[in-house]
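Engineer: Quick one: structure below, then a few questions.
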Amino acid sequence: MHGKGLDHETIGLARASGMPITASPKYMAEHMGLPYHQSAIREREYPPEVARSEREKLSEGSRKFLRYSYGDLLPKDRDWKVLYRIWAGTQRVLLWGDPAFAAGYGRSSTYCGSDGVEWCEPGSFKGRMGTGVPGQRFNYQKQGLATKYDWQKYAYLYRVWGRLLYNPGADRDGWMRHLRRTCGDAAEACETALSLASRVLPLVSLTHGPSASNNHYWPEIYSNLPVGTVGNRRPYGSDMDGPVRFGNAPTFDPQLFATPREFAEALHEGRADRRYSPLDVADWLETLAAGCDTALVSLKGSSTFETAEVQRIVIDVGILSGIARFFAQKFRASTWVELFILSKAAVTLDRAEAHLKRAVLAWQGIADIARDIYHDDLTYGPQSWLRGSWQQRLREIEIELTDLQAMRSEAPHETIHPDDQTKAAIARLQGRVPVHGLATGVTGPTTFRRGEAVEVRADLAEALPGGGEPVLHFRHVNQAERWKAMPMQRGGDGFAAVIPPDYTDSAFHLQFYVSAVAGDRLVLAPGLRDDLANEPYLTAQQV
């Protein structure tokens with residue numbers, strides 16, 4: 001049964017048939033994100049007061065929280081299976097193949113007794129909705145790069161996904177045999193390059209979500225959403241709340257990730273935002289890009305470098321490295337623009353422009369790689385934002401610099417020199433310390449009985465010698481609900497908090513994590529590891 005709008009009356013009808021029942025929700029909207037299940041859904045996915053129509057009173061009304069994730073489908077005593085679907089909205093053209101992410105999806109696909117995951121592979125949206133172009137079955141225009149059948153380009157991807165979704169602990173040799181056979185002495189560098197490059201777009205789509213629909217948002221060949229207050233907003237206005245600009249686009253996990261607007265507001269108000277900031281995302285993207293570039297240098301020394309198999313990897317990794325740098329600079333530029341909107345201080349616009357120039361340079365590099373390799377019209381739908389190419393998108397990205405410069409008219413003359421509040425915000429932004437994930441900082445039970453208190457302890461001495469101000473965040477494993485928070489009290493060698501019995505007296509399991517602030521330093525425990533492939537919260541299952 002399709003998860004969108006699914007209610008318990010429908011489940012009851014299925015149960016009465018006597019047949020086995022499987023609910024099929026989307027893993028994270030119609031996109032790929034990091035391998036864990038998002039901690040919270042977007043604000044637009046919570047039920048509105050009035051449904052959009054009588055026909056959609058469930059999917060757009062009381063059950064709207066089931067549009068794009070597991071909602072309330074994971075109670076302890078359910079008698080239905082839950083099988084997730086990963087949609088191909090994020091990455092349709094470029095090669096993918098990261099064992100760490102595939103294994104992470106494999107582990108999280110059985111979250112709280114779920115039954116696995118189906119994946120809409122890259123070709124899923126090719127050849128439908130008017131995507132056919134005469135004489136252009138393949139995306140490549142350069143001779144010698146197309147495989148005999150288009151699926152063969154992704155043979156390595158199928159091996160990685162197939163083995164690690166089924167068994168997250170599968171032997172590495174299961175996919176390396178393929179790389180050694182097709183790429184020879186470049187195999188090791190190809191694995192590294194593809195692993196790092198494959199993390200770029202899932203990270204972007206998780207943290208920059210202007211639309212949950214794959215029919216409107218395609219970050220791989222990005223229809224540019226401006227960071228400023230002028231410029232083209234298509235195609236995003238129908239699925240995000242205004243103002244429609246880059247810094248206000250929601251994340252697909254608003255519990256753990258702040259938008260540039262939210263982060264700038266916290267800076268301007270002098271308060272801590274206990275989430276990953278857009279600058280943390282930018283740091284990760286730049287680290288991934290640097291790793292890709294290092295692997296590409298290593299590949300150039302291989303004897304198989306000029307073969308079609310290796311060249312396909314080199315080209316796509318180069319494009320993904322550029323995409324990482326582009327979005328990293330967009331996140332940085334957008335943060336400064338949001339600070340400008342709050343303060344009207346021209347100096348903040350200077351900083352934004354410097355970052356946006358780097359974003360344009362990154363996209364120019366992408367276009368230079370792709371121009372003679374890929375067709376100018378890669379078609380995955382009839383609308384302009386579902387077709388085109390990196391080189392075709394370049395002009396709209398270059399125009400954004402002119403649009404940003406036009407915003408200078410919004411700065412009154414007297415705000416050339418920022419006020420004290422803005423100066424303090426700029427100092428905090430320049431002196432920002434990256435959020436630290438602490439994998440071993442939190443302990444709690446892995447199981448509990450309904451109606452019993454659950455104690456969670458935190459030892460933060462490794463990251464915050466003074467202990468900071470720890471807060472326990474907890475929620476039922478039910479995305480229709482909001483997270484709760486309580487301060488943790490010092491006790492023994494660390495801190496402790498107790499989730500009360502009246503809260504655990506529910507049909508659902510529990511998930512929790514800890515945040516702690518000391519000065520300008522924020523710790524999230526467990527948070528995300530360097531490979532971004534783990535669950536950033538802990539779970540206690542009801543027995």
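Engineer: Using heavy-atom solvent-accessible surface (probe 1.4 Å) with all chains present, what is the largest-first order of Thr504, Thr447?
Structural biologist: Thr447, Thr504
Engineer: OK, next. Exactly which trypsin sites (Lys or Arg not before Pro) in segment 434-543 are in a DSSP loop and have at most 16 other Cβ atoms within 10 Å?
Structural biologist: Those that pass, being in a loop and sparsely packed, are Arg449, Arg450, Arg482, Arg529.
Engineer: Under a point spin-label approximation (7 Å from Cα along Cα-to-Cβ), what is the Met486-Gln141 distance to one decimal in nm?
Structural biologist: 6.3 nm
Engineer: If each of Thr294 and Arg85 carries a label point 7 Å out from its Cα toward its Cβ, how far apart are those two points in nm?
Structural biologist: Each label point is offset 7 Å from its Cα along the Cβ direction, giving 4.0 nm.
Engineer: How much accessible area per residue does segment 410-516 have, in Å², with a 1.4 Å probe?
Structural biologist: Accessible surface, normalised per residue, equals 49 Å².
Engineer: Rounded to a whole number of µm²/s, how large is the Stokes-Einstein D of the chain at 25 °C and 0.890 mPa s, given Rh as the Kirkwood radius over C-alpha pairs?
Structural biologist: Value of D from the Cα-based Kirkwood radius: 100 µm²/s.
Engineer: Kindly state, to the nearest 0.05, the FRET efficiency for Arg449 paired with Arg529, given R0 = 45 Å and r defined as their beta-carbon distance.
Structural biologist: 0.90
Engineer: Okay, next question. Roll a 1.4 Å probe over the protein chains and send me the accessible area per residue for segment 178-337 in Å².
Structural biologist: For segment 178-337, the solvent-accessible area averages 28 Å² per residue.
Engineer: I need the helices of the chain that pass two filters: whole DSSP H segments spanning 24 Å or more by Cα along the axis, and mean Kyte-Doolittle score no lower than 0.5. Intermediate values should be presented prior to the final figure.
Structural biologist: Working: long enough: 278-299 (31 Å, 0.82); 308-343 (52 Å, 0.82); 346-370 (36 Å, 0.37); 390-406 (25 Å, -0.76).
The qualifying helices are 278-299, 308-343.
Engineer: Turning to a different aspect of this structure: Run the quick spin-label model on Ile399 and Arg177: label points 7 Å from Cα toward the beta carbon, then report their separation in nm to one decimal.
Structural biologist: Here the modelled spin labels are 5.2 nm apart.
Engineer: For segment 45-104, report the accessible area per residue in Å² (1.4 Å probe, heavy atoms, rounded to an integer).
Structural biologist: Per-residue accessible area for segment 45-104 comes out at 36 Å².
Engineer: Sorting Phe138, Phe125 by accessible area (1.4 Å probe), largest first, what list results? Display every interim value, and only then the final one.
Structural biologist: Working: Phe138 60, Phe125 20 Å².
Of Phe138, Phe125, the descending order of accessible area is Phe138, Phe125.
Engineer: Give me the percent of the accessible area of the chain that comes from carbon and sulfur atoms, probe 1.4 Å, all protein chains in place.
Structural biologist: Using a 1.4 Å probe with all protein chains present, the chain comes out at 51 percent carbon and sulfur.
Engineer: Follow-up. I need the GluC sites (Glu not before Pro) found in segment 170-250, filtered to DSSP loop residues with at most 11 other beta carbons within 10 Å of theirs. Walk me through the intermediate numbers first.
Structural biologist: Values: sites: Glu188, Glu191, Glu220; in loops: none.
Within segment 170-250, no GluC sites (Glu not before Pro) qualify (loop, at most 11 other Cβ atoms within 10 Å).
Engineer: Still on this structure, I have one more. Of Lys76/Lys484; Lys26/Lys484; Lys26/Lys142; Lys57/Lys126; Lys357/Lys423, which sit over 27 Å apart, Cα to Cα?
Structural biologist: Lys26/Lys142; Lys57/Lys126
Engineer: I've got another one for you. How much length would be gained if the chain were fully extended between Leu361 and Thr307, taking 0.36 nm per residue of separation minus their Cα-Cα distance, in nm to one decimal?
Structural biologist: 16.6 nm
Engineer: Could you list the GluC sites (Glu not before Pro) in segment 258-328 that lie in coil according to DSSP, counting only those with at most 12 other Cβ atoms within 10 Å of their Cβ?
Structural biologist: Here the GluC sites (Glu not before Pro) that fit, given the DSSP loop and packing criteria, are Glu306.
Engineer: What number, rounded to the nearest 500 deg cm²/dmol, is the helix-based mean residue ellipticity at 222 nm of the chain, given -39500 (n - 2.57) per DSSP H run of at least four residues and division by all its residues?
Structural biologist: Calculated mean residue ellipticity at 222 nm is -11000 deg cm²/dmol.
The values are calculated or read from the model by the stated rules, or taken from the named source; none is laboratory data. Just so you know, these numbers come straight off a predicted model, no measurement behind them. Positions of Cβ are backbone-derived with ideal geometry, glycine not excepted, and every protein chain shown enters the neighbour counts. These accessible areas exclude ligands, DNA and RNA; they are computed on the full protein's heavy atoms, side chains included. Shrake-Rupley method; radii C 1.70, N 1.55, O 1.52, S 1.80 Å.
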